[in-house]
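The values are calculated or read from the model by the stated rules, or taken from the named source; none is laboratory data. Treat the numbers as computed from the prediction; the structure is a model and nothing was measured. We place every Cβ from the backbone using ideal geometry, glycine too, and count neighbours over all the protein chains shown. For the accessible areas, the whole protein counts, side chains as well, though only heavy atoms, and no ligand, DNA or RNA atoms are used. Shrake-Rupley method; radii C 1.70, N 1.55, O 1.52, S 1.80 Å.
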Amino acid sequence: MPAETEYRDATHTPTRDEIDREAGPVLLEFGTPWCGHCRALAPRIAELLERHPEVKHVKVEDGPGEPLGRSFQVRLWPNLVFLRDGQLVRQLARPGHAALEQAFRELAGRPAS
């Protein structure tokens with residue numbers, strides 16, 4: 001699946017229950033359009049999603065009191081939650097490229113190289 005390019009606002013954000021029921025690999029990305037760290041990492045995330053088309057990408061605009069972000073204890077952006085069949089595989093806040101690539105490999109069930 002292609003990378004989502006826009007953050008979903010509160011009216012289009014899935015609930016935690018909906019996320020927990022998702023089948024297969026999912027990357028849940030929390031951030032904001034004005035976050036410099038988020039913008040800087042976006043091309044790398046898009047590249048990795050192209051290499052892993054089986055991963056569903058859900059890009060959620062986060063902020064104080066947003067229930068989905070709070071349910072994952074998001075405090076820094078970008079915050080990336082890697083899930084498989086609704087179960088947490090890994091969660092990263094402001095990851096470097098190596099950590100991001102490793103998380104994608106874990107999500108895909110591939111060993112580290």
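Quick notes on this structure:
- When the chain is described by a simple charge dipole with +1 on each Lys and Arg Cβ and -1 on each Asp and Glu Cβ, the residue from 41, 99, 26 located farthest towards its positive end is 99.
- In this simple spin-label approximation, residue 37 and residue 56 carry label points 7 Å from Cα along the Cα→Cβ vector, and these lie 2.7 nm apart.
- If a spin label sat at a point 7 angstrom from the Cα of residue 99 along the line to its beta carbon, the backbone N atoms of the stretch 23-38 nearer than 15 Å would be those of 30, 37-38.
- Distribution of pairwise C-alpha distances over the chain, 10 Å bins, in %: 15, 53, 30, 2, 0
- Computed E for residue 47/residue 75 - FRET, C-beta separation, R0 22 angstrom, nearest 0.05: 0.25
- Separation of the stretch 1-34 from the stretch 55-113 is 10 Å, based on Cα centroids.
- Our compactness index for the stretch 2-63, the C-alpha radius of gyration over the empirical 2.2 N^0.38 Å, is 1.11.
- Residue 29 sits among other residues whose Cβ lies under 9 Å from its own Cβ, and their net charge, with Lys and Arg +1 and Asp and Glu -1, is 0.
- Per-residue SASA remark: residue 4, around 50 Å² accessible (1.4 Å probe; ligands, DNA and RNA not included).
- Residue-wise HN-Hα coupling along the stretch 21-27, computed from phi with Karplus coefficients 6.51, -1.76, 1.60 (Hz; x: Gly, Pro): 8, 5, 8, x, x, 9, 10
- Test item: Cα-centred dipole of the chain, Lys/Arg +1 and Asp/Glu -1 on Cβ, debye: 380
- At an R0 of 25 angstrom, the distance between the Cβ atoms of residue 108 and residue 5 translates into a FRET efficiency of 0.70.
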